[in-house]
1. Among the residues of segment 117-136, what is the count of those that are in contact with a helix residue (DSSP H, G or I) (Cβ under 9 Å, 6 or more places away or on another chain), over 16 Å from residue 66 (Cβ atoms) and buried (at least 21 other Cβ atoms within 10 Å of the Cβ)?
2. Test residue 330 against the criterion of being over 22 Å from the mean Cα position of the chain (by Cα) and outside the structural domain of residue 261 (by TED's automatic domain parsing), and give yes or no.
3. Please list, ordered by first then second residue, the pairs with beta carbon atoms under 8 Å, 6 or more apart or interchain, first in segment 192-207 and farther than 15 Å from residue 286 by Cβ and outside the structural domain of residue 264 (by TED's automatic domain parsing), second modelled with pLDDT under 90 and exposed (fewer than 15 other Cβ atoms within 10 Å of the Cβ).
4. Being in contact with a strand residue (DSSP E or B) (Cβ under 7 Å, 6 or more places away or on another chain) and surrounded by 14 or more Cβ atoms within 10 Å (Cβ to Cβ) is true for just one of 158, 236, 227. Which residue is that?
5. Filter segment 344-370 for residues that are part of a loop (DSSP other than H, G, I, E, B) and over 21 Å from the mean Cα position of the chain (by Cα) and give the result.
6. Do we have any residue at all in segment 299-306 that's out of contact with any helix residue (DSSP H, G or I) (no Cβ under 9 Å at 6 or more places or on another chain) and assigned to a loop (DSSP other than H, G, I, E, B)?
7. Condition check: part of a helix (DSSP H, G or I) and either surrounded by 13 or more Cβ atoms within 10 Å (Cβ to Cβ) or on the phi < 0 side of the Ramachandran plot (or both). Does residue 46 satisfy that?
8. Among (1) free of Cβ contacts under 8 Å to residues at least 24 places away in the same chain; (2) under 21 Å from the mean Cα position of the chain (by Cα), where does residue 110 come up short?
């Protein structure tokens, strides 16, 4: 990727910014795109020329740039004002008519701003390929070819623009970022460091988290369960997890730890449950949703577990401006009901529709598509799980309806380098045959493979 600098008059900037918002990947705009306004009636031409030359300074190179030299494009009006040859700046510099830079083209490839962004690797597909390059769950590489193949499935269903709208919003948290979030958590001095190695899952996340928090562990010891830490004589225990989404899994861990669960335990029960009041627990999450935190808080209140506190490095909203705990209180909801029935549908704001850059009719149609095809993919996921685990049960139809956008309709577009939460869109992680308005993809291939 390469930094793009567009120099124009103030009256040209609004349209140019609109073209950038339309065609650039939003995840790179702030760092890689600069639109500099120059009022030729009051500016000094020498100062302006010097500012353009300084764009080549090493301090201007953003993190992640694959080409340190900026690409500077100025309007011809700016060029006439500066009266310098293109080679005088010592960096790549070219001039274009302002009308071409401002133009809204029916085909993006006829838009000059799209062409400049594409040259700098800042359009949606190449920028996404760079941002997703660290996905390490399999040997599969998510490069531009893999992304184009995934988008091609949307094209076959005649909804390519919806695939691109989703791609614009995908965020992958690199392991170094997750490690920093976990390392910065303020836990009690001397607390035992613990992950929970759940025997009912693959353990991939636990292994990654264990490696990330190893430096914090006294004597290099990371315990595999809260029980192990308590049995070793610790009374202060910090349990580290990568993410908290619906809180279903974590509440299952706490229930198992407290001896409240007798089937498919998520962790061994404490040896002496009468000692629970003597213990101090800290739950640390790299990322957590507002809904998940509210559910966990409700569970702790229901069970008088004031000795368990919660830390989240980053918080993600799936409820908008809703006060989730107040909503629970007004309906008398319990965690048992929430885990079985899910949150009230009216409080959830699917994350994928928070910034699509689509018109209202297009967004409504995109939602219909994501719900319809997403439900098919979630059903496929359930079928795969039933084939793998004979004891796995079918889900009620109404629950499948609620999970068409990911667990409980969260509609997230989030991934770690090592895993993808089921709260993210099934279009990202599930597979199998899907149909939409008469068109069929015989085997949908997810962008993030081998998640199931």
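The values are calculated or read from the model by the stated rules, or taken from the named source; none is laboratory data. Model, not experiment: these values are computed from the prediction. Here the Cβ is made from the backbone with ideal geometry for all residues, glycine too, and neighbour counts use every protein chain on show.
1. Our first condition is that a residue be in contact with a helix residue (DSSP H, G or I) (Cβ under 9 Å, 6 or more places away or on another chain); within segment 117-136, this holds for 117-118, 120-132, 134, 136.
Among the residues that remain, those that are also over 16 Å from residue 66 (Cβ atoms) are: 124, 136.
Applying the additional criterion that residues be buried (at least 21 other Cβ atoms within 10 Å of the Cβ) yields 124.
Residues flagged as in contact with a helix residue (DSSP H, G or I) (Cβ under 9 Å, 6 or more places away or on another chain), over 16 Å from residue 66 (Cβ atoms) and buried (at least 21 other Cβ atoms within 10 Å of the Cβ) within segment 117-136 amount to 1.
2. Against the criterion (over 22 Å from the mean Cα position of the chain (by Cα) and outside the structural domain of residue 261 (by TED's automatic domain parsing)), residue 330 does not qualify.
3. Qualifying pairs under 8 Å: none.
4. Details: 158 fails: surrounded by 14 or more Cβ atoms within 10 Å (Cβ to Cβ); 227 fails: in contact with a strand residue (DSSP E or B) (Cβ under 7 Å, 6 or more places away or on another chain).
So the residue among 158, 236, 227 that is in contact with a strand residue (DSSP E or B) (Cβ under 7 Å, 6 or more places away or on another chain) and surrounded by 14 or more Cβ atoms within 10 Å (Cβ to Cβ) is 236.
5. To start, the set of residues in segment 344-370 that are part of a loop (DSSP other than H, G, I, E, B) comprises 344, 348-350, 354-359.
Result: 344, 359.
6. Scanning segment 299-306, I find at least one residue that is out of contact with any helix residue (DSSP H, G or I) (no Cβ under 9 Å at 6 or more places or on another chain) and assigned to a loop (DSSP other than H, G, I, E, B), so the answer is yes.
7. So residue 46 passes the test.
8. Result: residue 110 fails condition (2) only.
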